[in-house]
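Colleague: Before I ask anything, let me first share the structure, which is written out below as structure tokens.
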Amino acid sequence: MKKVLITGKTSYIGRSFKAYIERNYPNEFQVDSISVRGEKWRRYDFSKYDVVLQLAGKAHADVKNVSKQEQQEYYVINKDLAKEVAIKYKRERHGFSQFIYFSSIIVYGTGENKITANTKPNPDNFYGDSKIQAEHALMELVSENFQILIIRPPMVYGPGSRGNFQTLVKLALKLPFFPKINNSRSMIYVDNLSEFIRRLVLSKSKTNRYFPQNLNYVNTSNLVKQIRAEENKKTLLVIGFNGLLKLLLNKNTALSRYLDKAFGTLVYDKSLSETTKIKLEDYQNTDFYKSVGKSVKNIF
């Protein structure tokens, strides 16, 4: 039985992974969760775990309305704390072990549309910078038995998810008309992500960066249409907005940044999303339509 420790007890991905394993593979994995707030975690015994999932972190906010002091907290939590947890785990654990750190697609900044193996990280705000600095700090700890696995997921969605997906659902359900936009986004349903993590553990994957995503890219207009269909609402997609949106997206304003998240194109090349042992199709337990249905019905 593989023993996994989640650091970040209230994290959405952590809670979802634990529930996924307990629901589907209770005899193969033991998954425990702890909080790493305060000092109590420093006395917790990490030695018995094959894997640590570092999911404690400070999530992104409106980067234009964050004080310098709060910006520094991103580095303290996303980088410094992650390295402290990894050092403790490496010191206490003997034998092959995996430390899995959740970074983000945000490390590439907002200037990219398609991310390939040759695309270099270029964060354009403190949140993305704190994540890439954490990656670099953790890589210093790699040894033969201590593997650092960095996951850079795109937008993660699922039942009870918050953030941008929740905002889009609320907006979609209010709008019978919606622009017909020609864009593509990489996304991943949380159970598909959980299956990807499970396979990383079972295959004893080693130090590298990983880019899981759904099998197919998502078009925002089609996503909105599917969200409304789950609530038995019809949607009229209106053409003629691409030119206006392109103009707005080129402006460095709060509106342009919001529109870019919704209507811009941002995808991982699909070749990035599999390994020699894990193919893209292997972790697609839930297809797009079912995943949207499950997410919308449990969003509120």
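Colleague: Tell me the residue from 9, 90 that is in contact (Cβ under 8 Å) with a residue 24 or more places away in the chain, over 18 Å from residue 197 (Cβ atoms) and surrounded by 12 or more Cβ atoms within 10 Å (Cβ to Cβ), please.
Modeller: 90
Colleague: Please return the ranges of strands (runs of 3 or more DSSP E) entirely within the stretch 182-253 where 2 or more residues are at pLDDT below 95 and farther than 20 Å from residue 20 by Cα.
Modeller: In the stretch 182-253, the matching strands (runs of 3 or more DSSP E) lie at 236-238.
Colleague: Something else now. Which of the following residues is buried (at least 20 other Cβ atoms within 10 Å of the Cβ) and farther than 16 Å from residue 290 by Cα: 228, 185, 199?
Modeller: 185
Colleague: Spot the failing condition for residue 95; the list is (1) surrounded by 14 or more Cβ atoms within 10 Å (Cβ to Cβ); (2) of a type outside the set (Phe, Trp, Tyr); (3) touching an Asp or Glu at 6+ places or on another chain (Cβ under 9 Å), and only one is missed.
Modeller: With (1) surrounded by 14 or more Cβ atoms within 10 Å (Cβ to Cβ); (2) of a type outside the set (Phe, Trp, Tyr); (3) touching an Asp or Glu at 6+ places or on another chain (Cβ under 9 Å) applied to residue 95, the lone miss is (1).
Colleague: Residue 36: open to solvent by less than 50 Å² (accessible area, probe 1.4 Å), assigned to a loop (DSSP other than H, G, I, E, B) and farther than 24 Å from residue 142 by Cβ, yes or no?
Modeller: When the stated conditions are applied, residue 36 does not pass them.
Colleague: Under 9 Å between Cβ atoms, which residue pairs at least 6 apart in sequence (or on different chains) link something in the stretch 199-219 that is without any contact (Cβ under 8 Å) to a residue 40 or more places away in the chain with a partner that is assigned to a loop (DSSP other than H, G, I, E, B) and of a type in the set (Val, Ile, Thr)?
Modeller: Listed by first residue and then by second, the contacts come to 219/181.
Colleague: Additional query: So which residues in the stretch 63-79 are in contact (Cβ under 8 Å) with a residue 40 or more places away in the chain and charged (D, E, K, R), if there are any at all?
Modeller: The answer is 64, 79.
Colleague: For the stretch 142-154, give me each residue that is in contact (Cβ under 8 Å) with a residue 40 or more places away in the chain and open to solvent by 20 Å² or more (accessible area, probe 1.4 Å).
Modeller: Correct list: 142, 143, 145.
Colleague: What number of residues within the stretch 109-135 satisfy the criterion of being open to solvent by 10 Å² or more (accessible area, probe 1.4 Å), touching a residue at least 24 places away in the same chain (Cβ under 8 Å) and not acidic (Asp, Glu)?
Modeller: Total satisfying the criteria: 11.
Colleague: Name, by its number, the condition in (1) over 25 Å from residue 46 (Cβ atoms); (2) in contact with a strand residue (DSSP E or B) (Cβ under 9 Å, 6 or more places away or on another chain) that does not hold for residue 174.
Modeller: (2)
Colleague: Test residue 67 against the criterion of being of a type in the set (Gly, Ala, Ser) and over 30 Å from residue 271 (Cα atoms), and give yes or no.
Modeller: yes
Colleague: What number of residues in the stretch 281-292 are of a type outside the set (Ser, Thr, Tyr), open to solvent by 10 Å² or more (accessible area, probe 1.4 Å) and in a helix (DSSP H, G or I)?
Modeller: Count: 4.
Colleague: Follow-up question, since we're still on this one. Residue check: is residue 52 open to solvent by less than 10 Å² (accessible area, probe 1.4 Å), of a type outside the set (Gly, Ala, Ser) and outside any strand (DSSP E or B)?
Modeller: no
The values are calculated or read from the model by the stated rules, or taken from the named source; none is laboratory data. Here the structure is a predicted model, which means the values were calculated and not measured. Glycine gets a Cβ as well: all are built from the backbone with ideal geometry, and neighbour counts include every protein chain shown. Calculation scope for accessible area: heavy atoms of the full protein, side chains included, ligands and nucleic acids excluded. Shrake-Rupley method; radii C 1.70, N 1.55, O 1.52, S 1.80 Å.
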